[in-house]
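Please treat every number below as a calculation from the coordinates, not as lab data. Just so you know, these numbers come straight off a predicted model, no measurement behind them. Methodologically, a virtual Cβ is constructed for each residue, glycine included, from the backbone with ideal geometry; neighbour enumeration extends over all protein chains shown.
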Amino acid sequence: MLPIHIQQCFEHQALACELLGSPFTSRVCALLGSRLTPASRFGVRIAGWSASAKSDVLALRATGALNALARAGECTSLTAVYPPHVADDDALWSGIVAAIAAHDGFLHDYLDSPPQTNEVSRSGSILGGVLHVAAATGLPIDLYEIGSSAGLNLSFDRYDYDLGIVRWGNDAEGVRIVQDWQGPLPPLDAPLVIRHRRGCDQNPLDASQDATRTRLMSYVWPDQSARIARLEAAIASTARSGVSVEKADAADWVEQNFVAPEEGVVKLLFHSIVWGYMPDAVQQRIETAMKKIARLATPAAPVAWLRIEPDGNNPYAAVTLTIHPSGETSVIGHADFHGRFTHWL
């Protein structure tokens, strides 16, 4: 048996996966939480995880490891019980046990890194927020993203969007984002000019590398074929674009890049579902840096901050936008964590 806090971590993730449309990954989480024992290096490491198991997204590290192995086809016992195949819980668990026995070291080591999902559908909310900045300022934009991973969302303006009653973008890249857009539309006719785009991450991934594709795909739940196809297209598009992500601490990077505004351009910081993974000290340093540059902003040299993060007041992520020099902060929408819908306010 696993310690209670580890069992609860897997139970919590099982429920989240079910609500987010992946009954298969929900079952894997439930099975690991209830049946895994410390009889392998993989099991020992999971059983010994600290009280931070939930914030470390341990359950998704484990399911990502198994999915990577299943996708590689190196364990036929596991691949035979993973989608598109159908198996009951006992057969699925037997496949997992066989995988642990044959590939214990691989699974153990895969737990090292937290998931980097690069959920491309969140780009719908990013598009909406950035269009508001473009409409409010009438200026070109320099984009800065923290927690960029492989930088797929840095190229949000290259994608094709189906917002239900309207389309926006270009389908030439093959990345189509279909959202249930609720409420008023953002200013889709705003002149959007991205002058520069930069991103940082503690563990940046190069979209042009096969290893990047392999790791990113392992964290996409295997019973969600639309997400799989969309991510594959976005990885290919980003590789063609040449967008790269810098290796840096988020606070260091913001402090270096948000020192002074620039005449004739908007400096825009954005991030999506990364804030909660940052230590309090890092969050405070970023907030301090943004307050300092805000005092220097002018109508001709504005600064904006767009964040798509949980705010504790809603079961979904809040889309929050601040534009200086006015300093007005507004929750302009709420979004599903996987970008299935956006509710604009």
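Taking one equal scatterer on every alpha-carbon of region 4-110, how large is log10 of I(q)/I(0) by Debye at q = 0.11, 0.15 1/Å? Results for region 4-110 at q = 0.11, 0.15 Å⁻¹ read -0.29, -0.55.
Taking neighbour counts of Cβ atoms within 10 Å as a proxy for exposure, in what order, fewest first, do Lys292, Lys54, Lys247 appear?
Numbers: Lys292 13, Lys54 16, Lys247 10.
Fewest to most other Cβ atoms nearby, the residues stand as Lys247, Lys292, Lys54.
What percent does the relative contact order of region 4-110 come to when contacts are Cα pairs within less than 8 Å and at least six residues apart? Intermediate results must be reported in sequence, preceding the final value.
Working: 106 pairs, mean separation 28.1, N = 107.
Answer for region 4-110 is 26 percent.
What percent antiparallel are the DSSP beta bridges of the chain, to the nearest 5?
Details: 22 of 48 bridges.
Taking every DSSP beta bridge within the chain, about 45 percent pair in antiparallel fashion.
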